[in-house]
Amino acid sequence: MTAEGEPTPGDVDGSGLDDEAAMRLLRDGKLDVAGRLVEATNMTLYCSIRHGGQVAACVYKPVRGERPLWDFPDGTLAAREVAAYEVAAATGWRIVPPTVYRDGPFGPGMVQLWIDTDPEADLLALVRSRHPGLRRMAVFDAVVNNADRKGGHLLPLEDGHVYGVDHGVCFSADDKLRTVLWQWRGKQLSRDAVTMLTGLERDLERGRLGRRLRELLTPAEVEATWERVRRLLQTGIHPYPSEDWPAIPWPPI
């Protein structure tokens, strides 16, 4: 990849790796910085990662490259990105690419598997669609309280699957849901979503997910996450936009 963020022919897409292999590669592999994604607000580096004969491309966001945010004064964006992956993994929906917190050339930070997107995908059409993967993502965003679900944070693959990325401003203890995915506001949650949320509530209360989130977030943020899951189960519907907070991030794409 060039310094301007354009992929080179030697880039390796890791989407063919299963999650277990990808996580092992991300945790143990050697990071080599190839370039910087210059449009990103915080330092975002494109890297290759190698271990045991496997190689893939990844994104590395070191903590030292983060800009302070007044409304997220505690913790780090990198830890929130990892927390979002942990929640996504617990849903079983493959919403967030494999992500770890580890050391790197510029210190500790978030490392996430690079996913090549469908070059023919129309993001505007996707955002306006009722793609079932986006409905799942809307539930996920309500759980993690995503304050910045832009269209550009969606990664549509050629096989129809859609990943979401850039979750550094999630998990606030205050309601801050801002998203372009309001198609299902007020609609009844799917049976699939209710089943997932029921398991997520148990996992947050006394399972691995609750323990892991307490390592990455503040106690108030973990409690608020649990409360959002309970609220979704109690209401049984997708949330409505807040009247006290802008409903759509800017720019939306």
Selection from GLY35, VAL63, SER48, by position along the positive dipole direction of the chain (Cβ): VAL63
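With every protein chain kept in the model, how would you rank THR235, THR44 by accessible area, 1.4 Å probe, largest at the top? All intermediate terms of the calculation are to be shown ahead of the outcome.
On the way: THR235 75, THR44 10 Å².
The most accessible residue leads, giving THR235, THR44.
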Charges at C-beta only: +1 for Lys and Arg, -1 for Asp and Glu. How large is the resulting dipole of the chain about its Cα centre, in Debye rounded to 20? 680 debye
Which angle from 0 to 90°, rounded to the nearest 10, does the C-alpha axis of helix 219-235 make with the longest principal axis of the chain? 50 degrees
Spelling out what I want: for every residue of the stretch 119-130, take phi, set θ = phi - 60°, compute 6.51 cos²θ - 1.76 cosθ + 1.60 (Karplus), and round to whole Hz; glycine and proline get x. x, 8, 5, 9, 4, 4, 5, 4, 4, 7, 7, 10
Roughly speaking, what % of Cα-Cα pairs in the stretch 26-141 are separated by over 25 Å, rounded to a whole number? 31 percent
Restricted to the chain, the DSSP antiparallel beta bridge percent, nearest 5, is 95 percent
From zero outward in steps of 10 Å, how is the percent of C-alpha pairs of the stretch 198-253 spread across the bins? 21, 37, 32, 9
Shape category assigned to the chain from the gyration tensor of Cα positions, a/c cut at 1.5: prolate
Using the Cα atoms of the stretch 121-253, I'd like the radius of gyration and the largest Cα-Cα distance, Dmax, both in angstrom. 14.5, 41
Show the residues, 5+ positions off or on another chain, whose built amide H is closer than 5 Å to the amide H of VAL180. ARG149
Using protein chains only and a probe of 1.4 angstrom, how many square angstrom of LEU177 are accessible, to the nearest 10? 30 Å²
What share of Cα pairs, in percent, lie more than 19 angstrom apart in the stretch 130-181? 21 percent
Farthest toward positive dipole pole in the chain [+1 Lys/Arg, -1 Asp/Glu at C-beta], among GLY104, LEU233, VAL87: LEU233
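Please compute the net charge surrounding TRP184, taking Lys and Arg as +1 and Asp and Glu as -1 over other residues with Cβ under 9 Å from its Cβ.
Net charge around TRP184: +4.
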Per-bin percent of Cα-Cα distances, the stretch 76-192 [5 Å]: 2, 11, 22, 24, 21, 12, 6, 2, 1, 0
How much solvent-accessible surface does TYR46 expose, in Å² to the nearest 10, with a 1.4 Å probe and all protein chains in place? 10 Å²
Mean ellipticity per residue at 222 nm, deg cm²/dmol - from DSSP H runs of n ≥ 4 across the chain, formula -39500 (n - 2.57): -10500 deg cm²/dmol
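The values are calculated or read from the model by the stated rules, or taken from the named source; none is laboratory data. Predicted model only: the values in this text are computed from it and were never measured. Quick reminder, even Gly has a Cβ in these numbers, built from the backbone with ideal geometry, and neighbours come from all protein chains shown. Each accessible area value is taken on the protein alone, full model and side chains, heavy atoms only, with ligands, DNA and RNA left out. Shrake-Rupley method; radii C 1.70, N 1.55, O 1.52, S 1.80 Å.
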